[in-house]
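Down below is the structure, laid out as structure tokens.
The values are calculated or read from the model by the stated rules, or taken from the named source; none is laboratory data. This one's a predicted model, so the numbers in the text were calculated from it and none came from an experiment. Cβ: placed from backbone, ideal geometry, glycine included. Neighbour counts: every protein chain shown.
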Amino acid sequence: MEFRDLKRQYDVLKEEIDKNISKVINSSNFISGREIKQLEETLAGYVGVDHCISCANGTDALTVSLMAWGLNKNDAVFVPDFTFFSSGESPVSLGFPTFFVDVDRRSYNIDPNALEKVIQRVIGSGKYNPRVVIAVDLFGQPADYERIRKICNKYNMYILEDGAQGFGGKIREKRVCSFGDISTTSFFPAKPLGCYGDGGAIFTNNSDWASLIRSICIHGKNAEDKYDNIRIGMNSRLDTIQAAILNAKFGHFKDYEIDQVNKIADLYSKLLDNCGLTLPFIKEGVSSSWAQYTVQLPEKVDRNDVQEYMKQNGIPTMIYYKKPMHMQGAFKGTVSEDADCPITETLCGRVLSLPIHPYIERKDVEFICRKLKESIEESR
Ligand SMILES: *Cc1c(COP(=O)(O)O)cnc(C)c1O
């Protein structure tokens, strides 16, 4: 059994994917080919924003977005403590004072109350200006944008939505990657919409930012002339072959995979009800793209034992995430080190992610749930 079975998806879509790849090879337009424009238009339409700019990966997408805002060195960035490393790596790599904020114990997303407290503490210190919240759609569920937006309006801050895990999710009829002033996603193979290598995209309704982002992604080029470099940028483009693969996958993603993965998540939640686990909690009116199905084990249960038991039964499990961001060695000696995030610390000790993807079979989910319940019984 695979944690995320990409081969099965390929078996289903092989004809279309192979055809699209060979078209690119035959055209030899490996960089900025017509498939790029096609993908960007498709994704902008799906998300419901004016501009989509593809780039090399989801980490660059965050970094380029922060660069486009032209922030000052004492502009502070706020990031959830419970997330993948990139969400914090990106602002710190640009030298911005970065503050980690605790998350909500049910949704796993940034806790708006904690956010406002940290913002006020930063203002109180008089050293930095709060400017950006990087809100992450963790495990596929969009963050609480209604409340985050209110806070950002109050303190005159931007939202950068990190939708790397949430692409395909929505709040009522509004889709992930439309909630930020700028939003980003990743096409890393294991993400909800993955390509066959690294890839990412940036979304915004602001035309000035969109042009800046396009420029930064291609060495700070002038809009008309690629060899007239008017700012320092980076080299961050999506390969044409990756766009062609995404074009082949997208219809199926939108019409089948998102619904299917939601059915799988429902089955998990039904089968694991009332066995002592804390199950994922999706808020009313919100829909997840289920990048992960993550449970919390009861306090007395030893997670290593559970993982070992599952492994013996051929079931891969993962721990997303083991370490709070503020405890990562990389942030030692920066302002990020002094965070107060007790909920994240508890979660890091108890979470366990189970195999989930649109092609997993019902009988596999049933087997996983049976074995997981057995292992909890045993280690109690
Ligand atoms: C995967 C991920 C990223 C980074 O994407 P890459 O394409 O791997 O660079 C950023 N943020 C979150 C929350 C992610 O899960």
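Below are the figures for this structure:
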read-out: Residues that are touching a Cys at 6+ places or on another chain (Cβ under 8 Å) and among the charged types (D, E, K, R), drawn from segment 223-248; value: R237
read-out: Leading residue by the ranking (farthest from K249 (Cα to Cα)) among those in segment 1-22 that are within 22 Å of the chain's Cα centre (by Cα) and acidic (D, E); value: E2
read-out: Residue satisfying all of: in segment 104-136; of a type in the set (D, E, K, R) and touching a residue at least 40 places away in the same chain (Cβ under 8 Å); farthest from S288 (Cα to Cα) among these; value: K127
read-out: Residue within segment 256-273 that is surrounded by fewer than 21 Cβ atoms within 10 Å (Cβ to Cβ), under 30 Å from E40 (Cα atoms) and either free of Cβ contacts under 8 Å to residues at least 24 places away in the same chain or touching a Leu at 6+ places or on another chain (Cβ under 6 Å) (or both) present; value: yes
read-out: Segment 186-198, residues that are crowded, with 24+ Cβ neighbours inside 10 Å and within 8 Å of the ligand (Cβ to nearest atom); value: S186, F187
read-out: Some residue of segment 206-214 being surrounded by fewer than 21 Cβ atoms within 10 Å (Cβ to Cβ), in a loop (DSSP other than H, G, I, E, B), touching a Pro at 6+ places or on another chain (Cβ under 8 Å) and modelled with pLDDT of 95 or more; value: no
read-out: Test: K300 is surrounded by fewer than 20 Cβ atoms within 10 Å (Cβ to Cβ) and assigned to a helix (DSSP H, G or I); value: no
read-out: Selection count where residues are among the β-branched types (V, I, T) and either more than 30 Å from K363 (Cβ to Cβ) or surrounded by fewer than 19 Cβ atoms within 10 Å (Cβ to Cβ) (or both), scope segment 312-331; value: 1
read-out: Subset of segment 268-323 [at positive phi and away from the ligand (no atom under 16 Å from the Cβ)]; value: N274, G276, G285, G314
read-out: Among residues of segment 52-89, those that are within 16 Å of the ligand (Cβ to nearest atom), more than 22 Å from D239 (Cα to Cα) and of a type in the set (G, A, S), counted; value: 2
read-out: Members of segment 331-368 that are in contact with a helix residue (DSSP H, G or I) (Cβ under 8 Å, 6 or more places away or on another chain) and hydrophobic (A, V, I, L, M, F, W, C); value: F331, A339, C341, L352, L354, I356, I360, V365, I368
read-out: Residues located in segment 112-141, provided they are within 16 Å of the ligand (Cβ to nearest atom) and not in a loop (DSSP other than H, G, I, E, B); value: V132, V133, I134, A135, V136, L138, F139, G140
read-out: Within segment 274-297, considering residues that are outside any loop (DSSP other than H, G, I, E, B) and not polar (S, T, N, Q), the one surrounded by the fewest Cβ atoms within 10 Å (Cβ to Cβ); value: V286
read-out: Residue selected from segment 142-185 under the condition more than 23 Å from P280 (Cβ to Cβ), in a helix (DSSP H, G or I) and in contact with a strand residue (DSSP E or B) (Cβ under 6 Å, 6 or more places away or on another chain), by the criterion farthest from the ligand (Cβ to nearest atom); value: Y155
read-out: Residue in segment 31-51 that is within 14 Å of the ligand (Cβ to nearest atom), in contact with a Cys (Cβ under 6 Å, 6 or more places away or on another chain) and over 13 Å from A243 (Cβ atoms) present; value: no
read-out: Pairs where the first residue, in segment 152-173, is closer than 15 Å to V132 by Cβ and free of Cβ contacts under 8 Å to residues at least 24 places away in the same chain and the second is β-branched (V, I, T) and crowded, with 24+ Cβ neighbours inside 10 Å, C-beta under 8 Å, 6+ apart; value: C152/V133
read-out: Y145 vs. criteria crowded, with 18+ Cβ neighbours inside 10 Å and more than 21 Å from D104 (Cα to Cα); value: no
read-out: Test result for K221, within 14 Å of the ligand (Cβ to nearest atom), surrounded by 15 or more Cβ atoms within 10 Å (Cβ to Cβ) and among the charged types (D, E, K, R); value: no
read-out: Yes/no for L94 being within 16 Å of the ligand (Cβ to nearest atom), surrounded by fewer than 21 Cβ atoms within 10 Å (Cβ to Cβ) and among the hydrophobic types (A, V, I, L, M, F, W, C); value: yes
read-out: Residues of segment 332-349 satisfying the condition of being crowded, with 18+ Cβ neighbours inside 10 Å and modelled with pLDDT under 95; value: V335, S336, A339
